[in-house]
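Engineer: A single structure is presented below for examination.
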Amino acid sequence: MDTFNADAGAGAPLHSVAASRAALTADSLASLTGEHAALPLLVVTKASPSTNSELLEALAVEPDAWPHMSALVADHQTAGRGRAGREWLTPEGAALTVSYVLRPRLPRERWGLVPLVVGLAAVKTMRSVGIEASLKWPNDVVVNCADETEGGVKGDIAGWGSMRKIAGILCEVYEDAVVAGIGVNVSQTRAELPVPHATSMAMVGVRLLDRALLLDALSRQLAAEINSAEADPDAFVAELASVTCTLGRQVLVERTGASPLTGVAEGIGADGSLTVRTAAGEAVAVTAGDVRLRGAT
Ligand code: ATP
């Protein structure tokens with residue numbers, strides 16, 4: 001299955017790891033901006049410590065220069081960040097590392113949906129090339145590798161079960177904008193991934209590893225998902241729930257400033273929160289936290 005279902009105009013799709021790792025340049029990505037393209041502005045950089053940090057700095061200097069859905073992509077991210085000061089590690093050329101400026105037309109109390117919008121866009125983009133991806137609330141795109149021989153480390157991993165992380169999302173608010181960063185593991189081998197619970201598109205058997213096509217498809221999907229969330233947030237949340245593998249599972253949630261919570265992840269709220277039903281029967285809405293999967297119920 002080779003479809004990103006998008007014409008990035010970047011020539012024939014690339015199927016080899018070597019071709020996938022050829023440098024992304026402004027020239028090679030020129031067709032991703034313009035009248036019928038998803039991105040009003042795309043800045044391409046050879047290397048960036050963190051596309052989120054660089055975009056946040058650029059926004060602070062010149063906020064009006066970055067319209068909704070403008071983006072910064074780095075061929076190589078050298079000091080990528082996760083939540084809570086964690087690292088996002090990717091070797092040169094092997095991943096897609098991009099940050100978008102989003103200006104959501106959602107009430108502030110619903111901005112918790114934004115990382116999930118990015119997550120749903122990434123899940124659907126992965127599914128368009130045949131990867132049975134799902135969302136691990138709130139910011140991980142995962143693949144169930146239970147039956148895979150090449151998906152990575154076999155068997156259950158504490159907190160992850162058979163799920164392996166193929167992409168991570170980091171959203172940071174700057175005034176009336178959100179800088180939404182995503183790192184997708186494209187062509188890494190097992191030895192090139194930093195943690196056992198990670199996988200890449202190549203490792204789960206995808207042949208189409210063209211990073212330009214991936215960026216185009218992801219950007220178009222993101223624009224579509226933002227529109228859906230803005231137009232009908234309740235329908236958006238319902239669709240989101242249908243691809244969230246956290247739901248229906250026993251979870252342990254580690255929360256900053258609060259005691260850990262265990263229970264069954266039951267649903268997603270209108271504000272993007274995760275509802276966890278405790279053993280005592282109480283429904284707790286979690287807005288931020290690390291979720292460990294404890295097996296299916
Ligand atoms: P967790 O992954 O433990 O649930 P998290 O979702 O908050 O936490 P992030 O902050 O989004 O994680 O990402 C940082 C974490 O992701 C790192 O601590 C590391 O465990 C993992 N990680 C780092 N680089 C990669 C990568 N290329 N692919 C998959 N996982 C990675």
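Engineer: Could you tell me how many of the residues in the stretch 259-297 are away from the ligand (no atom under 16 Å from the Cβ) and among the aliphatic types (A, V, I, L, M)?
Structural biologist: The total comes to 9.
Engineer: Can you tell which of S31, S20 is of a type in the set (S, T, N, Q), open to solvent by 40 Å² or more (accessible area, probe 1.4 Å) and out of contact with any Phe, Trp or Tyr (no Cβ under 6 Å at 6 or more places or on another chain)?
Structural biologist: Exactly one residue qualifies, and that residue is S31.
Engineer: Another question, if that's okay. Exactly one condition in (1) more than 10 Å from the ligand (Cβ to nearest atom); (2) of a type outside the set (D, E, K, R); (3) open to solvent by 50 Å² or more (accessible area, probe 1.4 Å) is false for A84; which is it?
Structural biologist: Among (1) more than 10 Å from the ligand (Cβ to nearest atom); (2) of a type outside the set (D, E, K, R); (3) open to solvent by 50 Å² or more (accessible area, probe 1.4 Å), A84 violates only (1).
Engineer: Any chance you could count how many residues in the stretch 131-160 are open to solvent by 20 Å² or more (accessible area, probe 1.4 Å) and either outside any loop (DSSP other than H, G, I, E, B) or away from the ligand (no atom under 15 Å from the Cβ) (or both)?
Structural biologist: Residues flagged as open to solvent by 20 Å² or more (accessible area, probe 1.4 Å) and either outside any loop (DSSP other than H, G, I, E, B) or away from the ligand (no atom under 15 Å from the Cβ) (or both) within the stretch 131-160 amount to 11.
Engineer: For the stretch 185-205, name all the residues that are more than 9 Å from the ligand (Cβ to nearest atom) and surrounded by 17 or more Cβ atoms within 10 Å (Cβ to Cβ).
Structural biologist: Within the stretch 185-205, V186, S187, M201, A202, M203, V204 meet the criteria.
Engineer: For S259, which of the numbered conditions (1) of a type in the set (S, T, N, Q); (2) part of a strand (DSSP E or B); (3) free of Cβ contacts under 8 Å to residues at least 12 places away in the same chain fails to hold?
Structural biologist: (2)
Engineer: What is the one condition in (1) more than 16 Å from the ligand (Cβ to nearest atom); (2) of a type in the set (D, E); (3) surrounded by fewer than 17 Cβ atoms within 10 Å (Cβ to Cβ); (4) under 20 Å from the mean Cα position of the chain (by Cα) that E92 does not satisfy?
Structural biologist: So E92 meets the others, but not (1).
Engineer: Same structure, new question: Residues that are under 26 Å from P107 (Cα atoms) and within 13 Å of the chain's Cα centre (by Cα): does the stretch 201-215 have at least one?
Structural biologist: Checked against the condition, which is being under 26 Å from P107 (Cα atoms) and within 13 Å of the chain's Cα centre (by Cα), the stretch 201-215 yields no hits at all.
Residue-by-condition table, conditions (1) at pLDDT 95 or above; (2) touching a helix residue (DSSP H, G or I) at 6+ places or on another chain (Cβ under 9 Å); (3) over 15 Å from V284 (Cβ atoms); (4) of a type in the set (D, E):
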{"site": "L208", "(1), (2), (3), (4)": "no, yes, yes, no"}
{"site": "S219", "(1), (2), (3), (4)": "yes, yes, yes, no"}
{"site": "A224", "(1), (2), (3), (4)": "yes, yes, yes, no"}
{"site": "A235", "(1), (2), (3), (4)": "yes, yes, yes, no"}
{"site": "R255", "(1), (2), (3), (4)": "no, no, no, no"}
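Engineer: Next question, about the same structure. For the stretch 41-81, what are the residues that are assigned to a helix (DSSP H, G or I) and away from the ligand (no atom under 16 Å from the Cβ)?
Structural biologist: E54, L55, L56, E57, A58, L59, A60, V61, P63, D64, A65
Engineer: Right, another one. Would you be able to say whether some residue in the stretch 197-215 is in contact (Cβ under 8 Å) with a residue 12 or more places away in the chain, out of contact with any Asp or Glu (no Cβ under 6 Å at 6 or more places or on another chain) and part of a strand (DSSP E or B)?
Structural biologist: Yes - at least one qualifying residue is present in the stretch 197-215.
Engineer: Check whether at least one residue in the stretch 42-62 is open to solvent by less than 50 Å² (accessible area, probe 1.4 Å), among the acidic types (D, E), assigned by TED's automatic domain parsing to the domain that holds L213 and in contact (Cβ under 8 Å) with a residue 24 or more places away in the chain, and report yes or no.
Structural biologist: no
The values are calculated or read from the model by the stated rules, or taken from the named source; none is laboratory data. Since this is a predicted model, take the numbers as computed values, not measurements. Note that we place each Cβ from the backbone using ideal geometry, even for glycine, and neighbour counts take in every protein chain shown. When the accessible area is computed, the model is the full protein with side chains, heavy atoms only, and any ligands, DNA or RNA have been set aside. Shrake-Rupley method; radii C 1.70, N 1.55, O 1.52, S 1.80 Å.
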